[in-house]
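The values are calculated or read from the model by the stated rules, or taken from the named source; none is laboratory data. The shown structure was predicted, so the numbers you read here are calculated from the model rather than taken from an experiment. For neighbour counting, all protein chains shown are included, and Cβ atoms are generated from backbone atoms with ideal geometry for every residue, glycine included.
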Amino acid sequence: MTASGSNWQNGVTFNRSWSTSEPGIKHYLFYAEYDGQNLYFPQQPQMLSFNVGLCPEVSICQIGDDSIRLTWNNNDNNMFRVYGSDHPSSQESRQWDLLAEVSGSYYDVTTSQQRKFFHIRQVIQTNPPPPTDFILVPGGTFNPTSSYTVSLSSFYIGKYEVTQSEYQAVMGINPSYFSGNPNRPVERVSWYKAIEYCNRRSMQEGFVPCYSYSSYGTNPDNWPAGWNTSYTNHTNVSCNWSANGYRLPTEMEWMFAAKGGNQSQGYTYSGSNGINAVAWYYYNSDIGDGQGRRTHDVGQKAPNEQVTFDMSGNVYEWCWDIYSSYPSGNYTDPTGPASGSARVERGGSWNYGASSCTVSSRYSAYATYTYSNIGFRCLRVSP
C-alpha cells in the first residue's frame with residue numbers, strides 16, 4: 001500500500017467532525033479514504049481543535065507496506081472505538097463497522113479490517129442506570145474451598161435466566177427445544193451463541209461490547225465464517241473486563257451470586273436447604289399437566305438471599321471460565337485459566353438430580369455444545 005494524493009503526508013491530522021447524540025459518545029471524527037492501494041484526503045487536512053477531553057488530535061500514517069496506524073492523544077487512558085466503512089453516507093453508527101475498542105493512543109488497522117474510511121469515537125464512561133431486572137451484588141470475599149479465597153468487585157447480575165423472548169428480540173431466532181414459551185429460559189444455546197447475544201444486546205442498547213474475536217473486533221457481523229463451529233476456537237474470544245456492556249458471569253461471580261452474596265446463609269441450594277422451594281429439577285419438573293419433565297417460566301420458585309431466581313435448577317448456565325481444577329491461594333476478580341478445552345456451566349437443570357443443583361456443583365462442556373437443559377444469564381459491571 002502506498003500513501004498518495006496531493007494532500008498526503010505521514011503524521012498529519014485532519015479535518016471533519018460533528019456531534020452526535022448516541023448514548024455514551026461525545027464526538028465523531030472523519031479521517032481518510034483508502035481505495036485498497038492508496039490513501040487519500042478528500043479535503044485539505046487541518047488541525048482539529050476541540051475542548052480537552054472530548055476529541056483528541058488524530059493522525060494517520062503508513063506503517064510497512066500494507067497497514068496504517070491511527071494515532072491520537074490519550075493522556076487520561078480514555079477508551080476509544082475504532083470504526084471503518086467503505087460506503088458511509090452519514091454519521092449514523094449503522095453505516096460503520098466497529099473494528100476495536102482500545103484504551104491506548106493508537107490502533108494499527110489490520111489487512112482484514114481495511115476500509116476506505118476510518119474514524120474513532122471517544123467513549124465517555126458515564127454511570128448508566130441499573131439494567132431492568134438486574135440486581136446489584138456488592139463486592140465481597142468468600143471461600144469456594146478451604147484453600148481458595150476469592151475477592152470480587154461489585155457487579156449487576158440478571159435476576160432471571162435469559163428468556164426465550166429476550167433472546168429472540170436480540171438474535172432474531174428462538175433455538176429452544178421447549179419453544180413457544182416466551183417466559184421460559186432460552187436453551188439449546190452454545191457458549192458461542194451466549195457471548196454473541198451479549199455483544200449484540202450491548203450494541204443495541206448503546207454500551208461497549210465486552211467480547212472480541214481474535215483481531216476482528218466486537219461486532220459479530222465482522223467475525224469470520226465458521227468462528228463458532230469448532231470448540232477449539234473458543235480461546236480466540238477475549239473479554240474487555242472494563243467494558244460496560246453485557247457479558248457472562250465468571251464462574252466465581254456466578255457462585256458468589258448463587259450463594260446470596262454478602263447475605264449468604266450458607267444454603268446447599270441457591271436460597272434454601274430444601275431443593276423444592278427454589279429449583280426445578282428431575283423430581284419436580286413434571287407437574288402433572290401432560291407436558292412431562294420440562295423447563296418452567298423463570299422466577300416461579302423462591303429467590304435466594306440476593307433476590308436472584310433459578311440459580312439452582314431450570315437450566316444450566318454458561319460461565320465465562322475455561323474449566324479447570326480450582327487453584328489455591330488468594331485471588332481478586334479471577335477469570336479462570338487461559339487454556340483448556342471446555343467452558344464452565346453451573347446450576348443444574350430440570351432433568352438432573354439434586355446433587356447437580358447445589359451452589360458448589362461444577363460441570364463443563366465444549367463451547368459448541370447445545371442441549372435443552374443449558375442456557376445462561378447476563379452480568380454487567382457496576383460503575
Leading residue by the ranking (nearest to Asp321 (Cα to Cα)) among those in region 356-371 that are polar (S, T, N, Q) and not in a loop (DSSP other than H, G, I, E, B): Ser364
Being aromatic (Phe, Trp, Tyr) and more than 15 Å from Gln306 (Cα to Cα) is the filter; apply it to region 143-174 and report the residue that is surrounded by the most Cβ atoms within 10 Å (Cβ to Cβ). Tyr167
All-but-one check, Asp321 against (1) touching a residue at least 24 places away in the same chain (Cβ under 8 Å); (2) in a loop (DSSP other than H, G, I, E, B), failing number (2)
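Per-residue answers, yes or no, for (1) more than 25 Å from Met79 (Cβ to Cβ); (2) part of a loop (DSSP other than H, G, I, E, B); (3) at pLDDT 95 or above:
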site	(1), (2), (3)
Ile173	yes, yes, yes
Arg188	yes, yes, yes
Ser212	no, no, yes
Tyr216	no, yes, no
Of the candidates Gly340, Gly336, the one satisfying the condition of being buried (at least 16 other Cβ atoms within 10 Å of the Cβ), within 24 Å of the chain's Cα centre (by Cα) and on the phi > 0 side of the Ramachandran plot is Gly336
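Check region 288-296 and report whether any residue there is in contact (Cβ under 8 Å) with a residue 40 or more places away in the chain and either in a strand (DSSP E or B) or within 27 Å of the chain's Cα centre (by Cα) (or both). Talk me through it step by step, then tell me what you get.
Within region 288-296, the subset in contact (Cβ under 8 Å) with a residue 40 or more places away in the chain is 293-296.
Now drop any that are not either in a strand (DSSP E or B) or within 27 Å of the chain's Cα centre (by Cα) (or both), which leaves 295-296.
Yes.
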Any residue at all in region 105-119 that is part of a helix (DSSP H, G or I) and modelled with pLDDT of 70 or more? no
By residue number, the members of region 279-316 that are out of contact with any helix residue (DSSP H, G or I) (no Cβ under 7 Å at 6 or more places or on another chain), closer than 25 Å to Tyr156 by Cβ and either of a type in the set (D, E, K, R) or surrounded by fewer than 16 Cβ atoms within 10 Å (Cβ to Cβ) (or both) are Asp297, Gln300, Val307, Asp310
Pairs under 8 Å by beta carbon, first residue over 22 Å from Ile322 (Cα atoms) in region 195-212, partner part of a helix (DSSP H, G or I), six or more apart or different chains? Arg200/Val170; Arg200/Met171; Arg200/Pro220; Arg201/Val170; Gln204/Val170; Val208/Ser202
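A quick yes/no check of all residues on (1) farther than 15 Å from Thr250 by Cα; (2) modelled with pLDDT under 95; (3) over 24 Å from the mean Cα position of the chain (by Cα):
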position: Ser324; (1), (2), (3): no, no, no
position: Ser328; (1), (2), (3): yes, no, yes
position: Tyr331; (1), (2), (3): no, no, no
position: Glu345; (1), (2), (3): no, no, no
position: Gly353; (1), (2), (3): yes, no, yes
position: Ser356; (1), (2), (3): yes, no, yes
position: Ser360; (1), (2), (3): no, no, yes
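Quick check on my filter: what residues within region 138-153 are of a type in the set (Gly, Ala, Ser), farther than 14 Å from Thr335 by Cα and in contact with a Ser or Thr (Cβ under 7 Å, 6 or more places away or on another chain)?
So the first thing to find is which residues in region 138-153 are of a type in the set (Gly, Ala, Ser), and the list is 139-140, 146-147, 151, 153.
Filter again for farther than 14 Å from Thr335 by Cα, leaving 139-140, 146-147.
The answer is Gly139, Ser147.
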Spot the failing condition for Ser355; the list is (1) under 29 Å from Thr132 (Cα atoms); (2) without any contact (Cβ under 8 Å) to a residue 40 or more places away in the chain; (3) of a type in the set (S, T, N, Q), and only one is missed. (1)
When you go through Trp254, Trp191, Trp223, Trp227 one by one, which is the residue that is touching a Phe, Trp or Tyr at 6+ places or on another chain (Cβ under 7 Å), touching a residue at least 12 places away in the same chain (Cβ under 8 Å) and buried (at least 20 other Cβ atoms within 10 Å of the Cβ)? Trp191
Among (1) more than 19 Å from Val162 (Cα to Cα); (2) assigned to a loop (DSSP other than H, G, I, E, B); (3) modelled with pLDDT under 95, the one test that Asn262 misses: (2)
Condition check for Gly245: at positive phi and either part of a loop (DSSP other than H, G, I, E, B) or acidic (Asp, Glu) (or both): no
Return the residues of region 228-239 that are more than 21 Å from Arg81 (Cβ to Cβ) and outside any helix (DSSP H, G or I); say none if nothing qualifies. Asn228, Thr229, Ser230
